[in-house]
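Computed from the coordinates by the stated procedures, all read-outs in this text should not be read as laboratory data. The structure displayed is predicted, hence computed values, not measured ones. Cβ sites come from the backbone with ideal geometry, for glycine too, and all protein chains shown count toward neighbours.
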Amino acid sequence: MSLKKYLAVSNAGPLIHLSKVSLLFLLRKLYGKVAVPLEVKVEVVDKGKEKGFLDAYIVEEAIGNWIEIVRVEIPSRLAEISEGIGLKKAEAKVIYFAFKNNITALLDDLPARDLARRLGVKVRGSLGVIVESLKNGFISKKEALKAVDDLSDIMYLSVDVYRLVKREIENFRF
């Protein structure tokens, strides 16, 4: 039986959001090693450090430990489709790497999530990481509820999504 090297590949959003609320470690608990295309590393770490963002340093510390940079070349047709619907190159690379390796794509932006799902890729966003971490016993219900509130302060959440996730956490029984 062969083990996959990676169980997930991440775009910038989940790395940034989870770092900002001090929960980046949940990705390691859920997925072990996480792949990150070079373009994502540049966006999160290099550009983040230029702007003095603390989360850039947090993610940089995890690189080479349990976050690994991967080089991804996407087919020209996928590049065209991605560009046509307004996706960044990094998002397209995350989706393609997840598709090619049959692993979870960590994405927060709706257009990227929609394309990934149409390709049959399992998708998880920052909120999904919180819910999954609760279900796996990595955080308590109280911590999960606080995390959702903290995330709502730093990323866009519709009222419906916010309520849905809060309700799912509140109704969760161990």
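In this structure the amide hydrogen of D108, modeled in the peptide plane, comes within under 5 Å of the amide hydrogens of G13, none closer than 5 places in sequence on its chain. As a rough guide to protection, the peptides 21-29, 138-146 ranked by mean Cβ packing within 10 Å, highest first, stand as 21-29, 138-146. Here D108, D114 are placed in order of increasing Cβ neighbour count within 10 Å, fewest first, which gives D114, D108. Inter-part distance, the range 117-161 to the range 86-113, computed on C-alpha centroids, equals 17 Å. The residues neighbouring E60, those whose beta-carbon lies less than 14 Å from its own, together hold a net charge of -2 under the Lys/Arg +1, Asp/Glu -1 convention. Taking a straight line from the alpha carbon of K93, these lysines sit under 20 Å away, with near neighbours fewer than eight places off in the same chain left out: K4, K5, K33, K41, K47, K122. Rounded to whole numbers, the Karplus 3J(HN,Hα) couplings from phi for the range 89-104 are 4, 4, 4, 4, 5, 4, 4, 5, 4, 5, 4, 5, 9, 6, 10, 6 Hz, using 6.51 cos²θ - 1.76 cosθ + 1.60 with θ = phi - 60°, and x at Gly and Pro. By other beta-carbon atoms within 10 Å, ranking Y162, Y31, Y6 with the fewest at the front produces Y162, Y6, Y31.
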